[in-house]
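Colleague: The structure that follows is given in the form of structure tokens.
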Amino acid sequence: MAALETVMDPEIPVVSVTDLGIVRGVRRAPPAVLITPTYTGCPATLAIEAAVRVALDRAGFSDLPIETVLSPPWTTDWISEDGRARLLAYGIAPPPPGAAASTLRAHAVVTCPRCGSGRTTEVSRFGSTPCKALWRCLSCQEPFDRFKCH
Amino acid sequence: MSAPASSPPALFEYLLRLGDDSLVLGQRLTEWCGHAPALEIDLSLSNLGLDLIGQAILFLNLAGEVEGRGRDGDRLAYHRDVLAFRNCLLVEQPNGDFAQTMARQFLFSTCQLALLRGLANSTEQRLAEIAAKAVKEVQYHAELSAEWVVRLGDGTAESRERMIAGFDWFWRFVDEMFDSDPLEQELVEMGVAVDRAQLRSDFEAKLAAVLREATLPPPAYPRAIRGGRRGHHSEHLGHLLATMQFLPRTYPDAVW
């Protein structure tokens, strides 16, 4: 797993694939690295698998296969604490822990990652990648990305 | 993982129906890319298309696996002729204007959401996993399209008129989404498939609630048109496939 902590997400290069929970872990028998897609149609999935492959080869695990698993489905609750902090520092409002269990409608207060204000509004349900929505801060007026609760 | 109890040909056919619905509608939605009324909705429609094509890859890859003749999802998507497609007629209809696209999306996503919720409990483990994954995305699709139905229906005289016209075109394709046949009945009895007829009342309740909020008239179902599940398609599907399949068919060995 340590060899994969430096594999960054191609779209959000400050968080690793282990932080995001895309790498589920390593299975011992039969041996395989288990990865899971965030969204079924996420175009980064292939790039991520390729990057994981390169990292495994470099670390001397050329024989270790990569297997894609769908179950249990990925949710934003798989993102680590560390990953959340780095998303925030990068200007992306992270989902609060446990948010995936709540309904889509029950938006908690979304805090602006730039000024910390809670006066924010959704501009678009869909943003630059499948996993993000576009929001705007009513205090500092800046637009920002929000990691969708999923 | 337990071996599927259903016969491979029936399961293969069922997976084609699921996969082709997603694939064809996903391809249709991509036609909006760069043409939608505003940037935000352009992004939304592209994302919906992406989700649907993602589902299609999973359904069709599994179909290929079940079939056992060495075909994968790409092969099934790009190298089948129009008569071999098993999608319902609703998804292959042209986008029309924005209101018509939203009418189609709302009808499809509302039905698909109920279907996938049921399939998440399928006795066919691999199918259940795909459904559980996709259901989270389709919730967004159903919600987004419902919001637009309300916004356009309860909007200006122009948007309202277009929303009504959009639904008027699509009512005739609704019944087919809830059709069943002996093949699906067999799978329903095994717990693999969901009985589509059972989904209808929830669908109608949701539809009525959204139409009411949008101040739109209740559905006026004309004589239904059906045939997609048997490969009897409208002329539109052939044109869509010509665009989608052109490159891999013309240059079969092309790689990125």
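Colleague: Can you sort A:T68, A:T18, A:T75 from fewest to most other Cβ atoms within 10 Å of each residue's own Cβ?
Modeller: Starting with the residue having the fewest Cβ neighbours, the order is A:T68, A:T75, A:T18.
Colleague: Roughly what angle does helix B:98-119 make with the longest principal axis of chain B, taking Cα atoms, 0 to 90 degrees, to the nearest 10?
Modeller: Approximately 40 degrees, to the nearest 10.
Colleague: Separate question: Enter the Cα centre distance for the pair the range B:144-177 and the range A:21-73, rounded to the nearest angstrom.
Modeller: If you average the Cα positions of each part, the centres end up 42 Å apart.
Colleague: How would you classify the range B:135-196 from its alpha-carbon gyration tensor, with a ≥ b ≥ c the square roots of the eigenvalues: rounded for a/c under 1.5, else prolate if a/b is greater than b/c, otherwise oblate?
Modeller: It is oblate, given that a/c is not under 1.5 and a/b is not larger than b/c.
Colleague: If the only charges are +1 at each Lys and Arg Cβ and -1 at each Asp and Glu Cβ, what is the size of the charge dipole of the range A:4-74 around the Cα centre, to the nearest 20 debye?
Modeller: Numbers: 5 positive and 8 negative charges, 45 e Å.
Using Cβ point charges on Lys, Arg, Asp and Glu, the range A:4-74 gives about 220 debye.
Colleague: While we're looking at this one, here's another question. Considering the zone a paramagnetic label at B:D181 would reach in this model (a point 7 Å from Cα along the Cα-to-Cβ line), which residues of the range B:64-85 have amide N under 12 Å from it?
Modeller: B:84-85
Colleague: Residue-wise, which Karplus ³J(HN,Hα) couplings in Hz belong to the range B:143-148, taking 6.51 cos²θ - 1.76 cosθ + 1.60, θ = phi - 60°, and x for glycine or proline?
Modeller: These are the phi-based 3J(HN,Hα) values: 5, 4, 5, 4, 4, 6 Hz.
Colleague: Also, I was wondering about something else. To check you understand DSSP bridge types, tell me what percent of the beta bridges within the protein assembly as shown (both residues inside) are antiparallel, rounded to 5. Display every interim value, and only then the final one.
Modeller: Numbers: 14 of 19 bridges.
Counting DSSP beta bridges with both partners in the protein assembly as shown, the antiparallel share is about 75 percent.
Colleague: Looking only at trypsin sites (Lys or Arg not before Pro) in DSSP loops with at most 13 other Cβ atoms within 10 Å, what is the longest site-free stretch of chain B?
Modeller: On the way: sites that count: B:R69, B:R223.
With a cap of 13 other Cβ atoms within 10 Å, the longest stretch comes to B:70-222.
Colleague: Okay, next question. Taking the Cα centre of the range B:41-186 as origin and charging only Cβ (+1 Lys, Arg; -1 Asp, Glu), how large is the dipole, in debye to the nearest 20?
Modeller: Roughly 220 debye, rounded to the nearest 20.
Colleague: As I understand it, the value is the acute angle between the Cα axis of helix A:44-58 and the longest principal axis of the Cα atoms of chain A; what does it come to in degrees, rounded to 10?
Modeller: So the helix axis and the longest Cα principal axis differ by about 40 degrees.
Colleague: Additional query: At 7 Å along the Cα-to-beta-carbon direction for both B:A84 and B:R249, put a label point, then send me their distance in nm to one decimal.
Modeller: 1.1
Colleague: Any chance you could run the full-extension gain for A:A2 through A:S80? It's 0.36 nm times the residue separation minus the Cα-Cα distance, nm to one decimal.
Modeller: Difference between extended and current length: 26.6 nm.
Colleague: Another question about this same structure. Strictly under 4.7 angstrom between C-beta atoms: which cysteines of chain A have no such partner?
Modeller: Singleton cysteines: A:C42, A:C131, A:C149.
Colleague: Indicate, rounded to the nearest 5 percent, the antiparallel portion of the DSSP beta bridges found entirely in the range A:4-74.
Modeller: Given both bridge residues lie in the range A:4-74, the antiparallel proportion sits at roughly 60 percent.
Colleague: Taking the DSSP beta bridges in chain A as the whole, what percent of them are antiparallel, to the nearest 5? It would help to have the intermediate numbers written out before the result.
Modeller: Numbers: 14 of 19 bridges.
If we restrict to bridges inside chain A, about 75 percent are antiparallel.
Colleague: Apply the Debye scattering formula to the range B:117-256, with a single equal point scatterer on each alpha-carbon and no solvent, then give log10 I(q)/I(0) at q = 0.11, 0.19, 0.21 Å⁻¹.
Modeller: With no solvent term, the Cα-only Debye profile gives -0.62, -1.26, -1.28.
Colleague: Enumerate the amide H contacts of A:I92 below 5 Å, restricted to partners 5 or more residues apart or on another chain; note that Pro and chain-start residues carry no placed amide H.
Modeller: Amide H to amide H, under 5 Å and 5 or more residues apart or across chains, A:I92 pairs with nothing.
Colleague: Could you work out which residue, out of B:L183, B:L119, B:L11, moves most in a Gaussian network model of chain B, that is, has the largest mean-square fluctuation with Cα springs under 10 Å?
Modeller: Comparing B:L183, B:L119, B:L11 in the GNM, the peak value goes to B:L183.
Colleague: Using only alpha-carbon positions, what ratio does the radius of gyration of the protein assembly as shown give when scaled by 2.2 N^0.38 Å?
Modeller: The reported ratio for this selection is 1.01.
Colleague: Another one. Cross-link partners among lysines for A:K148, C-alpha distance below 20 Å, same-chain residues fewer than 8 apart left out?
Modeller: A:K132, B:K133, B:K136
Colleague: Could you list B:W169, A:W74, B:W256 so that the one with the fewest beta carbons within 10 Å of its beta carbon is first and the one with the most is last?
Modeller: B:W256, B:W169, A:W74
Colleague: If you don't mind, there's one more thing I want to ask. Can you tell me how the range A:4-74 classifies by the Cα gyration tensor, rounded, prolate or oblate, using a/c under 1.5 as the rounded cut? If you can, show how the numbers build up before the last one.
Modeller: Numbers: a/c = 1.78, a/b = 1.18, b/c = 1.51.
Note, shape of the range A:4-74 comes out oblate.
Colleague: Work out which trypsin sites (Lys or Arg not before Pro) in chain A are exposed loop sites (DSSP not H, G, I, E or B, at most 10 other Cβ within 10 Å) and give the longest gap free of them.
Modeller: A:29-104
Every number here is computed from the coordinates shown, using simple stated rules; none is lab data. These numbers were taken from a predicted model, which means no experiment stands behind them. We place every Cβ from the backbone using ideal geometry, glycine too, and count neighbours over all the protein chains shown.
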